[in-house]
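Notes follow once the structure below has been shown.
Values quoted throughout were computed directly from the atomic coordinates according to the rules given, and no laboratory measurement underlies them. Given the structure is predicted, the values throughout are model-derived calculations rather than measurements. Cβ sites come from the backbone with ideal geometry, for glycine too, and all protein chains shown count toward neighbours.
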Amino acid sequence: MHKLTLYGAPQCCLCADAKEVLDRVRQRVDFELEMVDISGDPRLVELYGTEIPVLCIDGAKAFRYGIHEKKLLQLLSKS
């Protein structure tokens, strides 16, 4: 099972959109999801602050600025 990590912030509308995409995809493909609020961690803000939402799949950055549903389904079906 894949582990997905979504880096975002509470007031980010793009992050809310990304979560909606993940919810739709999760109805078709099972995965573990970790949501990380970067706003309380200066190191994470420096790493991801200008790119959120950022989605990592099994530790590798897969998307930034948003999530493309069709591409995510393709990536998750590869293994």
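A few notes on this one:
- Restricting the chymotrypsin sites (Phe, Trp or Tyr not before Pro) of the stretch 16-79 to loop positions (DSSP other than H, G, I, E, B) with no more than 12 neighbouring Cβ atoms within 10 Å leaves Y65.
- The stretch between Q11 and E69 holds 18.7 nm of extra length on full extension. This uses 0.36 nm per residue minus the Cα-Cα distance.
- Of T50, M35, G66, farthest towards positive along the dipole that unit charges on Lys, Arg, Asp, Glu beta carbons give the stretch 28-78: G66
- Percent RCO, i.e. relative contact order, over the stretch 1-76, from Cα pairs under 8 Å lying at least 6 residues apart: 43
- Residue range of the chain that is longest and free of trypsin sites (Lys or Arg not before Pro) which are both DSSP loop and sparsely packed (at most 15 other C-beta within 10 Å): 29-77
- Across the chain: Cys residues that no other cysteine approaches within a C-beta distance under 4.7 Å: C13, C56
- Relative to the dominant Cα principal axis of the chain, helix 13-26 is inclined by about 20°.
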